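Take a look at the structure set out below.
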Amino acid sequence: MNPLVAPQRLAKLTIEITTLCNLKCAGCPRTTALAQGAWSDQHIPLERFQRILDHLPPTEFVTLHGIGEPTLHPQFVELVAMAKASGRFGRMKMTTNALSRTVDYYAQSVAAGLDEFWVSVDSLDQAIAERMRFGTKVEKLEKQVGGCLAAGLPVHISMVVSAVNHLDIPATLLKLHALGAPPVHMQEFQDFGDPYGLMTQAQRVAFLQGLAAVLPRIPGMKIVPPNFTRPKGDICTAPWFRPAISVEGFLTPCCTTFDPEQFGRVSLVDMSFEEAWRQPSLHAWIKRFLRDETPICHGCGLNPRGFGNSQVLGRSGKTGQEAHVLKPGH
């Protein structure tokens, strides 16, 4: 594979459709910027979304989700229908906190073309959930998950494992199993500027011990735990096969950054994916990346060059917060 040539097909693509959210999650770039009075919310317009769709290669899996809560986009169901009608994607999902819409609304989204939706559930203990995702109402969240599962909707659970909730996870899994045993996908907490959830090695071990003990009590429930492995020395393939697009339409290297400056503000509103990959600024970034000279990737727990050694993203330029913050009038 020539690393400077656009891939003809993507394994996964993330499209950020809104930067509005109804929660204030600890460590989130949006939460931090709001506290500084430096954030204004934005929805992707339908016309911009369509132009992006027209410029994309075939993609196996697309996620309509970024920093914000996707269902707060006032035309979310229409966006799903547009993505489905484009014929670009094999499967489609979004990740939601499930607190802003009804079960019927999620059913409408599935009818429009959504293949599955992941609900963020870090804990079903109110105190713990509130600390991780301020504004969460656990009673409502539990009712929403149960209602969606009872309606036969394709619900998955997205769970962050951190220093705050690692001992509570077995109890949360037991409650989820009772609600209908949805698949649970776990990821380790990463520091986007607030290290409150960083785990020690002892906490990782305690979490794994607790998980092993609860598994026999939740038969038939698919659990995908975090991958606490040692560095592999491989090069991450995300820029070629799992990139992302910001709410403004800029191509970025992966789904954990929506910083348009990384690739030099290459817009998929104005050019095809193949043309975007011919831009000198993108080539320059790829060359630095291959030399392991991109600070954005240092500290990323998903980077196989240093996988498992660090989860500190906020001090590595991972979020691109300053570039992503939307100024009034934009």
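The values are calculated or read from the model by the stated rules, or taken from the named source; none is laboratory data. Everything numeric in this text was worked out from a predicted model, so none of it was measured. FYI the Cβ positions are ideal-geometry reconstructions off the backbone, even for glycines, and counts take in every protein chain you see. Note: areas computed on protein heavy atoms with side chains; ligands, DNA, RNA excluded. Shrake-Rupley method; radii C 1.70, N 1.55, O 1.52, S 1.80 Å.
Scanning for something closer than 23 Å to GLU60 by Cβ, open to solvent by 20 Å² or more (accessible area, probe 1.4 Å) and under 18 Å from the mean Cα position of the chain (by Cα), does segment 117-131 turn up at least one residue? The answer is yes; a qualifying residue exists. Selection of first residues in segment 21-32 that are under 22 Å from ARG101 (Cα atoms) and of second residues that are among the charged types (D, E, K, R) and surrounded by fewer than 20 Cβ atoms within 10 Å (Cβ to Cβ), restricted to Cβ pairs under 7 Å at least 6 apart or on distinct chains, gives the following pairs, ordered by first then second residue: THR31/LYS24.
Pairs linking a residue in segment 244-259 that is modelled with pLDDT of 95 or more and in a loop (DSSP other than H, G, I, E, B) to a residue that is surrounded by fewer than 24 Cβ atoms within 10 Å (Cβ to Cβ) and among the basic types (Lys, Arg), with Cβ atoms under 6 Å and 6 or more positions apart or on different chains, are GLY249/ARG48. Please specify each residue of segment 277-309 satisfying the condition of being under 23 Å from the mean Cα position of the chain (by Cα), at pLDDT 95 or above and among the aliphatic types (A, V, I, L, M). Matches in segment 277-309: LEU282, ILE286. Of LEU4, LEU20, LEU56, LEU13, all but one fail to be under 16 Å from the mean Cα position of the chain (by Cα) and either among the β-branched types (Val, Ile, Thr) or closer than 27 Å to CYS236 by Cβ (or both); the exception is LEU13.
Looking at MET159, is it under 18 Å from the mean Cα position of the chain (by Cα), over 26 Å from ALA213 (Cβ atoms), assigned to a strand (DSSP E or B) and among the hydrophobic types (A, V, I, L, M, F, W, C)? No.
Matching residues to (1) touching a helix residue (DSSP H, G or I) at 6+ places or on another chain (Cβ under 6 Å); (2) over 20 Å from LEU302 (Cβ atoms); (3) open to solvent by less than 50 Å² (accessible area, probe 1.4 Å):
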{"site": "ALA150", "(1), (2), (3)": "no, yes, no"}
{"site": "VAL160", "(1), (2), (3)": "no, no, yes"}
{"site": "ASP168", "(1), (2), (3)": "yes, yes, yes"}
{"site": "ALA181", "(1), (2), (3)": "no, yes, yes"}
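Restricting segment 132-144 to residues that are within 22 Å of PRO74 (Cα to Cα) and part of a helix (DSSP H, G or I), which is least open to solvent (accessible area, probe 1.4 Å)? Spell out how you get there, then give the answer.
Start the filter on segment 132-144 by keeping residues that are within 22 Å of PRO74 (Cα to Cα), which leaves 135-136, 140-141, 144.
If we keep only those that are part of a helix (DSSP H, G or I) as well, we get 140-141, 144.
Numbers: LYS140: 96, LEU141: 5, GLN144: 23 Å².
Result: LEU141.
Residue-wise test of (1) of a type in the set (A, V, I, L, M, F, W, C); (2) open to solvent by less than 50 Å² (accessible area, probe 1.4 Å); (3) in a helix (DSSP H, G or I); (4) farther than 18 Å from ALA171 by Cβ.
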| residue | (1), (2), (3), (4) |
| --- | --- |
| ALA202 | yes, no, yes, yes |
| ALA206 | yes, yes, yes, no |
| LEU211 | yes, yes, yes, no |
| PRO216 | no, no, yes, no |
| GLY220 | no, no, no, yes |
| ASN227 | no, no, no, yes |
| ASP234 | no, no, no, yes |
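Does HIS177 count as within 26 Å of CYS148 (Cα to Cα), part of a helix (DSSP H, G or I) and at pLDDT 90 or above? Criteria met by HIS177. Sort out which residues of segment 282-307 are surrounded by fewer than 19 Cβ atoms within 10 Å (Cβ to Cβ), farther than 17 Å from LEU251 by Cα and of a type in the set (Gly, Ala, Ser), and write them in order of number. Across segment 282-307, the qualifying residue is only GLY306.
Among the residues of segment 183-200 satisfying the criterion of being among the aromatic types (Phe, Trp, Tyr) and crowded, with 21+ Cβ neighbours inside 10 Å, which is modelled with the lowest pLDDT?
Here is the first cut: in segment 183-200, the residues among the aromatic types (Phe, Trp, Tyr) are 189, 192, 196.
Then drop every residue that is not crowded, with 21+ Cβ neighbours inside 10 Å, which leaves 189, 192.
Numbers: PHE189: 86, PHE192: 71.
Across segment 183-200, the extreme among qualifying residues is PHE192.
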